[in-house]
Amino acid sequence: MPANPFNAHTEYGIGIGLRVPHYRHILANKPVVDWFEIISENFMVDGGRPLEVLDQILEQYRVVQHGVAIYFGSADKFDREHLRRLKRLVKYTQTPWLSDHLCWGSVDGRYTHDLLPMPYTFAVARHTAQKIREARDYLEVPICVENVSSYAEYHVSEMTEWEFLSEVVEQADCGILLDVNNIYVSSQNHNFDPYDYLNNVPHSRVGQIHIAGHSKFEKYILDTHDHPVLEPVWKMYAHAINLCGNTATLLEWDDRIPSFEEVHNEALKANQFRDNIVASSQTNK
Amino acid sequence: MQRAMAGALFRPLTNDWNMQSKWNDGRPMEQFAAEFIKPNDRLSSFDRLEIYNRQYWFRILDCLYDDYPGLLAVVGEEQFLKLATAYLTKYQSDSYTLRNLGDRLEKFLLDEPHWTEPHQALAIDMVRFEWAQVVAFDGPAKPVVTPDDLIDTPPDKLRLGLQPYLSILKLDYPVDDFLIAVKKDADSLRGEASNAMNSAPSAHRESTQIPLPQPEVTYLAVHRFDNMLYFKRLEPEGHIILEALAAGSTLEAACVQAVERSTRTNPDWQALIKEWFDNWAALGWFCRR
């Protein structure tokens, strides 16, 4: 739902990811943007330009943190230094909620720097939920976990991805960052109906939505974040907000990044679907 | 299972950017991959694991290309790719951030000099210089000392600290001038988010044929000011003073060392040292120890 415990009962609109090529434009022109999503790890540093930029952004805008390296699904215990720095940043930005991925990516203290898919088993769900609870208790901020796009499935899996996601978030009592593009990418790579996914996750736990572009190859689709959002993803987005309500939405564009205006205009296309929700809810009153 | 999959990702790609065909124990990789990864109607287990294997290497090689353009220009792209692959195979990332990916590169090149022959000394200088830039970009800063902080401490008791983000280097080559000629995008953050890597690091990043520098002892400070990255040439005596302060010498002892080791004839030491300290203090280099 739009405002819920998992996004700290906020009503955020359309946001975009804060990216280096846009710093100068944003700081000079101060465009009207509802909120920015920052990559936590880029600002978990001790000083210098990243923190200077962050300070200036925080003076003008609302910021939500999105991480890429907690690795809730890794069998490893948490990297305590990582969590300590993350908590320092959470206090600094006052992010109303924090997101990271439902994935693994490190083994025995060695990092792949990738978002690797989980084996969908009940044991792994328990382990992952426990780690999410541990992180939330330490960080003292609501957590939303994001479904990743994937290119492989495991023999050991005992359930579908959406059943696994539901199992984890129910056990962890956390939110979902529903990445609609990732669902589409995975549905094409693994031959499932993306609407089955959208229809069967706990909508009341969706605290944020991601949309993005992807790249098609001959035999699979890659989640490259280097294109505008494609039509099937917009259709899924419309369906998602019908189910979840006008949830905070962010456009990811991380490679071949065009001008700020182009990225922002692409993100604002989401408003046409959000306006439909408002219109239909007023009609029903 | 996570160990098995990560082990597969950490293994280098072939020269054609494909996954190796055999696993560590000699089994076909297809057989190994099929033990834990399902095939689908378009891709075998091998194909699916290969997507992740490629993305891992494209991502981390891309990071080294970004952070070490000077080293790349010294050894050439073909050799850079070989040494980067060997380095990342020996030293897998042990940090949540790609910022630290090159933190053992100097040690690696010292231990395995054949990767940079016949330019080993230049390559080592360049790696030290480029790592110093990583530190200067986002390293910690301590409160700057002010004249009021120092007023009651005599020079023979005064010990100044240097900012943690500041590196003082003595190099055998003028790598600063060389890097300026080859580096175009010095000041950027690392990989942004969760996007997949769909291509290998590209050759267009290699510098054009800039002549390698001739040996010339070079004293450099790598620092930041107003959060911009700078390299500053130092006088030999200035380098001695800063090194001594960093090692814990008193202000007086550091200056005495510099004067005693200097080859200058009849300089006005008082004026010189005052000028240097005024400049360094204005740049905010001094902090409490």
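Flag: B:GLY284 does not match the condition of being in a helix (DSSP H, G or I), touching a residue at least 24 places away in the same chain (Cβ under 8 Å) and not hydroxyl-bearing (Ser, Thr, Tyr). Does the stretch B:203-212 include one or more residues that are surrounded by 18 or more Cβ atoms within 10 Å (Cβ to Cβ), in the same structural domain as B:LYS170 (by TED's automatic domain parsing), outside any loop (DSSP other than H, G, I, E, B) and out of contact with any strand residue (DSSP E or B) (no Cβ under 6 Å at 6 or more places or on another chain)? Within the stretch B:203-212, none of the residues are surrounded by 18 or more Cβ atoms within 10 Å (Cβ to Cβ), in the same structural domain as B:LYS170 (by TED's automatic domain parsing), outside any loop (DSSP other than H, G, I, E, B) and out of contact with any strand residue (DSSP E or B) (no Cβ under 6 Å at 6 or more places or on another chain). Residues in the stretch A:45-73 that are assigned to a loop (DSSP other than H, G, I, E, B), facing chain B (nearest Cβ under 7 Å) and crowded, with 20+ Cβ neighbours inside 10 Å: A:VAL45, A:GLY48, A:VAL68, A:ALA69.
Within the stretch A:3-21, one or more residues are among the hydrophobic types (A, V, I, L, M, F, W, C), under 15 Å from the mean Cα position of the chain (by Cα) and within 14 Å of chain B (Cβ to nearest Cβ). When A:ALA212 is tested against the conditions (1) among the hydrophobic types (A, V, I, L, M, F, W, C); (2) surrounded by fewer than 19 Cβ atoms within 10 Å (Cβ to Cβ); (3) modelled with pLDDT under 95, the lone failure is (2).
Within the stretch B:109-152, the set of residues being within 14 Å of chain A (Cβ to nearest Cβ) and either part of a loop (DSSP other than H, G, I, E, B) or loosely packed, with under 13 Cβ neighbours inside 10 Å (or both) comprises B:GLY139, B:PRO140, B:ALA141, B:LYS142, B:PRO143.
Would you confirm whether any residue within the stretch A:91-99 is touching an Asp or Glu at 6+ places or on another chain (Cβ under 7 Å), in contact (Cβ under 8 Å) with a residue 12 or more places away in the chain and within 16 Å of A:GLY175 (Cβ to Cβ)? Looking through the stretch A:91-99, at least one residue is touching an Asp or Glu at 6+ places or on another chain (Cβ under 7 Å), in contact (Cβ under 8 Å) with a residue 12 or more places away in the chain and within 16 Å of A:GLY175 (Cβ to Cβ). Of all the criteria given as (1) under 26 Å from B:GLY7 (Cβ atoms); (2) surrounded by fewer than 24 Cβ atoms within 10 Å (Cβ to Cβ), the one not satisfied by A:GLU161 is (2).
In the stretch B:267-279 there is at least one residue matching the filter, namely being at negative phi and touching a Gly at 6+ places or on another chain (Cβ under 7 Å). Residues in the stretch A:240-270 that are of a type in the set (D, E, K, R) and crowded, with 17+ Cβ neighbours inside 10 Å: 4 in all.
Just one of the listed residues (B:GLN2, B:GLN55) is over 29 Å from the mean Cα position of the chain (by Cα), surrounded by 19 or more Cβ atoms within 10 Å (Cβ to Cβ), polar (S, T, N, Q) and modelled with pLDDT of 95 or more, and it is B:GLN2. Being under 28 Å from B:PHE58 (Cβ atoms) and either at pLDDT 95 or above or in a helix (DSSP H, G or I) (or both) holds for only one residue in A:TYR120, A:TYR138, and it is A:TYR120. Scanning the stretch A:187-227 for residues that are part of a loop (DSSP other than H, G, I, E, B) and away from chain B (no Cβ under 14 Å), which turns out nearest to A:ALA8 (Cα to Cα)? Within the stretch A:187-227, the match that is nearest to A:ALA8 (Cα to Cα) is A:PRO202.
The values are calculated or read from the model by the stated rules, or taken from the named source; none is laboratory data. All figures in this text were calculated on a predicted structure; none of them were measured in a lab. All Cβ positions, glycine included, derive from the backbone under ideal geometry; neighbour counts span all protein chains shown.
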